[in-house]
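Each remark here refers to the structure printed beneath this line.
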Amino acid sequence: MKVAFLTTRIEKPSSRQRILQYIPYLKKEGFSVALFTIPSGFIERYRFFKTLEGFDLVFLHRKLFSLPDWKVLRKTARKVVFDFDDAVMLKDPSAGGNPESRRRLKRFERTVREADSVICGNSYLKGWAERYRKGVEVIPTPVDTKRYTPKTSYQKAEHITIGWIGSASTLVYMENMLSIWDEIGSRFPGIRLKIVADRFFDCNRIVVVKKHWTYREEIDDLHSFDIGVMPLTDDPWSKGKCAFKLIQYMAVGLPAVASPVGMNREVIKDGFNGLLATTPAEWVEKLTMLIENRKMRETLGRRARETVMERYSLEVNAPRLAELLKKTIRM
């Protein structure tokens, strides 16, 4: 079973999470796997698409092609699986303007209708895809729980650390919360806000620890947090997010506070394996509860880890992907 994985950039997080980490398991299951970056020029793409005739299946990650490109791909590829983990049918609102895009939506509709199988990262995205076809499969973005080892201690250190990990494109969600971080800093002078990213911001009344993300140090950085946070705005683009940073926090046994938007609602059962907060007052209240209560941090963190092991681990989801690929090849 020969499978070609196609993505726009191999180094981007979604490629790493929804393609690269599956490859060792797929090889053990008898798949012959090749990973390709989609060429940028039409002539280069046309020549590239012709090489796909030798594969049993093409796994297309996120990319929405123009009609001419799509026709060539569909003519050469025996089977196509389309996989997406963001609201790719919309424009990123951080770029400014109206997120609705007739061109993107048309390409999305065509891709979803004509692919042999469709995989998405959450139920909100499934709802979009099922406007155009039935049988869409939800496979969440998983973590390798052998790599994401749990915290060993919840003892209060000299400084409680509230942590966030992510990229510059999503840092705006944290920047929207500046008044909340400063309120927490005023209440608890020893608190720290740690940002693990490629861009940073400052606050007036809370110490901000700025740490550049690296793959090698990612787990140590997560272990340095006492509380993980994932704020989101309640809009169509944000609802498409697949709660990956929330799953990262929970995988290492961190208690987390998150906005009840999109998949965050699916991952967190409020008060059981994490906390949900909507208004600024709720954010301050929930963070205060965790800061002041070590036992709560430990209990929610342990249940969070169990949730990930049961539903969002690579061990659980890799067999699901392998079976879907086999089923599609047999179709």
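Just one of the numbered conditions (1) touching an Asp or Glu at 6+ places or on another chain (Cβ under 8 Å); (2) at pLDDT below 95 is not true of GLY262: (1).
Every residue, every condition in (1) touching a helix residue (DSSP H, G or I) at 6+ places or on another chain (Cβ under 9 Å); (2) polar (S, T, N, Q), yes or no:
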| position | (1), (2) |
| --- | --- |
| LYS2 | yes, no |
| THR8 | yes, yes |
| LEU26 | yes, no |
| TYR46 | yes, no |
| GLY54 | no, no |
| ASP69 | yes, no |
| ARG74 | yes, no |
| VAL80 | yes, no |
| PRO99 | yes, no |
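For CYS203, indicate whether it is out of contact with any strand residue (DSSP E or B) (no Cβ under 6 Å at 6 or more places or on another chain) and either modelled with pLDDT of 95 or more or closer than 30 Å to LEU20 by Cβ (or both). In short, no. The residues of the range 313-331 that are closer than 25 Å to TYR249 by Cβ and in contact with a Ser or Thr (Cβ under 6 Å, 6 or more places away or on another chain) amount to a single one, SER313. Counting the residues of the range 38-69 that are touching a Leu at 6+ places or on another chain (Cβ under 9 Å) and closer than 18 Å to ASP85 by Cβ gives 7. Where strands (runs of 3 or more DSSP E) sit wholly within the range 169-238, those with at least 2 residues that are loosely packed, with under 14 Cβ neighbours inside 10 Å occupy 207-212. Considering (1) closer than 18 Å to ALA256 by Cα; (2) surrounded by fewer than 16 Cβ atoms within 10 Å (Cβ to Cβ), the lone condition that PRO319 does not fulfil carries the number (1). The residue pairs whose first member lies in the range 138-159 and is within 24 Å of LEU193 (Cα to Cα) and of a type in the set (Lys, Arg), whose second member is assigned to a loop (DSSP other than H, G, I, E, B) and modelled with pLDDT under 90, and whose beta carbons are closer than 9 Å, counting only pairs six or more residues apart or on different chains, do not exist in this structure.
Here is a list: LEU90, LEU64. Which entry is at pLDDT below 95, under 18 Å from THR8 (Cβ atoms) and outside the structural domain of ILE247 (by TED's automatic domain parsing)? Of the residues listed, the single one that is at pLDDT below 95, under 18 Å from THR8 (Cβ atoms) and outside the structural domain of ILE247 (by TED's automatic domain parsing) is LEU90. Return yes or no: is GLU282 acidic (Asp, Glu), within 19 Å of the chain's Cα centre (by Cα) and either assigned to a loop (DSSP other than H, G, I, E, B) or farther than 19 Å from THR161 by Cβ (or both)? So GLU282 fails the test.
Conditions (1) aromatic (Phe, Trp, Tyr); (2) in a helix (DSSP H, G or I), marked per residue:
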site	(1), (2)
PHE36	yes, no
PHE48	yes, yes
THR51	no, yes
LYS63	no, no
LEU73	no, yes
GLU109	no, yes
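Whenever a residue of the range 9-26 is on the phi < 0 side of the Ramachandran plot, its partners that are hydrophobic (A, V, I, L, M, F, W, C) and assigned to a helix (DSSP H, G or I), lying with C-beta atoms within less than 7 angstrom and at least six residues away or across chains, give the pairs GLN17/PHE244; GLN21/LEU314; TYR22/ALA318; TYR22/LEU321; TYR25/ALA318; TYR25/ALA322; LEU26/ALA322. Look at GLY271 and say whether it is at pLDDT 95 or above and on the phi > 0 side of the Ramachandran plot. In short, yes. Of all the listed residues (LEU254, LEU276), the sole one being at pLDDT 95 or above and either on the phi > 0 side of the Ramachandran plot or buried (at least 22 other Cβ atoms within 10 Å of the Cβ) (or both) is LEU254. Do you know which of the residues in the range 146-155 that are at pLDDT below 95 and surrounded by 14 or more Cβ atoms within 10 Å (Cβ to Cβ) is nearest to TRP237 (Cα to Cα)? Out of the qualifying residues, it is LYS151.
Do we have any residue at all in the range 291-304 that's in a helix (DSSP H, G or I), farther than 27 Å from VAL136 by Cβ and either outside the structural domain of ARG187 (by TED's automatic domain parsing) or within 20 Å of the chain's Cα centre (by Cα) (or both)? Taking every residue of the range 291-304 in turn, at least one turns out to be in a helix (DSSP H, G or I), farther than 27 Å from VAL136 by Cβ and either outside the structural domain of ARG187 (by TED's automatic domain parsing) or within 20 Å of the chain's Cα centre (by Cα) (or both). Among the residues of the range 111-131, what is the count of those that are in contact (Cβ under 8 Å) with a residue 40 or more places away in the chain and assigned to a loop (DSSP other than H, G, I, E, B)? Going through the range 111-131 one residue at a time, the tally reaches 4.
The values are calculated or read from the model by the stated rules, or taken from the named source; none is laboratory data. Source: prediction; values computed, not measured. Note: ideal-geometry Cβ built from the backbone for every residue, glycine included; neighbour counts use all protein chains shown.
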